[in-house]
Amino acid sequence: MNALIKTKLTVKFILRIYKEFFSDLWKYYSSPYPILLFIGTLRRIRRRLKYLWFPKGKGRPSVTENIVDLILDMKRSNWDWGAQRISDELGLLGIVIHKRTVQRILKEYGFITRKTRITPPTWSTFLKSHKELWAMDFASVIDLKCLQIFILVVIDVTSRKLILINVTLNPDRNWIIQQFKNCSINGINLPSAIILDNDGIYGKWIDPTFKKLFEITTCRIPRGSPWLNGRCERLIKSIKYEVLYRVEVCNAEHAMRLCSQYRDYYNNYRPHQAIQGKAPQNIPVLAAPAVNIANFRYNKIKMIDGLITRFEMAA
């Protein structure tokens, strides 16, 4: 990373400081940490003024102000993004910053991230026994007519690719079978095994039927162990908290449109920690080139009706 360039004191620079100051007060006045946000704004002003007259000497390169602005812009545009997610998004832009550095910057400016619990033990031994492995699960959402809409998701455990997402009001045996027939018709290679839980929606029919029709071995997780289907559980959480919980779902068609848009975003643009911060669909394509940290521009692109803002380098 290039060394920090001394900032010039201009009217535009001062106006930007005031704009960010009032923006933080207006956008996050309902935050549970208003005092910390206010202190973070004062620290940012002090940081900028300090670099005007007292730039750092040689040593470990500092995070430049334009990168700090980008990190804060990502956090403001996507409030649920944590330090790891922002670090992965920066990696897609060709900017390598460790998540601890991002976490320190967010904390300094008053953006406190929630603590995460320790995850249960993994089951890597089982995953290694199947070369091609999918996982499936159902989620549900209530629309404006108080009808329960069921959402079927199928994910590739290895590549994290979202294979299938579809919605229905009546998920029965024939509907589930038809979804996998559609995958086969569309040229998608079916796996050797698929993980599912013990919901009554599957019943006892699914084990022999999948083996006979698709040559797929069904692997049911033990009761009371949802972490054994953690890939699907995490995917469903992402869909709900990034999309479905943030809008009023009108009907099944509206839910299907949102889920289809999220599938495109999830497979092509959303970074995943398990695959080194890449997107499942375009791992080789998204290899970002090196960028000039001192002088770069980026574009913000709204997706899924403006619910998610992704970033890309400007030409």
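Structure notes:
- Meets criteria (within 27 Å of LEU190 (Cβ to Cβ), at pLDDT 85 or above and among the aliphatic types (A, V, I, L, M)) for LEU244: no
- Test set (1) more than 26 Å from GLN281 (Cβ to Cβ); (2) modelled with pLDDT under 90 - LEU213 fails condition number: (2)
- Any hit, the range 196-210, residues being within 27 Å of the chain's Cα centre (by Cα) and of a type in the set (A, V, I, L, M, F, W, C): yes
- Residue match in the range 9-18 (condition: in contact with a helix residue (DSSP H, G or I) (Cβ under 7 Å, 6 or more places away or on another chain), in a helix (DSSP H, G or I), closer than 22 Å to ALA314 by Cβ and modelled with pLDDT of 75 or more): no
- From ILE194, ILE177, residue being in contact with a Phe, Trp or Tyr (Cβ under 6 Å, 6 or more places away or on another chain) and either exposed (fewer than 13 other Cβ atoms within 10 Å of the Cβ) or outside any loop (DSSP other than H, G, I, E, B) (or both): ILE194
- Test: SER159 is assigned by TED's automatic domain parsing to the domain that holds TYR269, over 18 Å from ASN198 (Cα atoms), free of Cβ contacts under 8 Å to residues at least 60 places away in the same chain and of a type outside the set (A, V, I, L, M): no
- Every residue from the range 197-223 that is of a type in the set (S, T, N, Q) and surrounded by fewer than 13 Cβ atoms within 10 Å (Cβ to Cβ): ASN198
The values are calculated or read from the model by the stated rules, or taken from the named source; none is laboratory data. Please read these numbers as outputs of a predicted model, since none were measured by experiment. Using ideal geometry, Cβ is built from the backbone for each residue, glycine included, and neighbour counts are taken over all protein chains shown.
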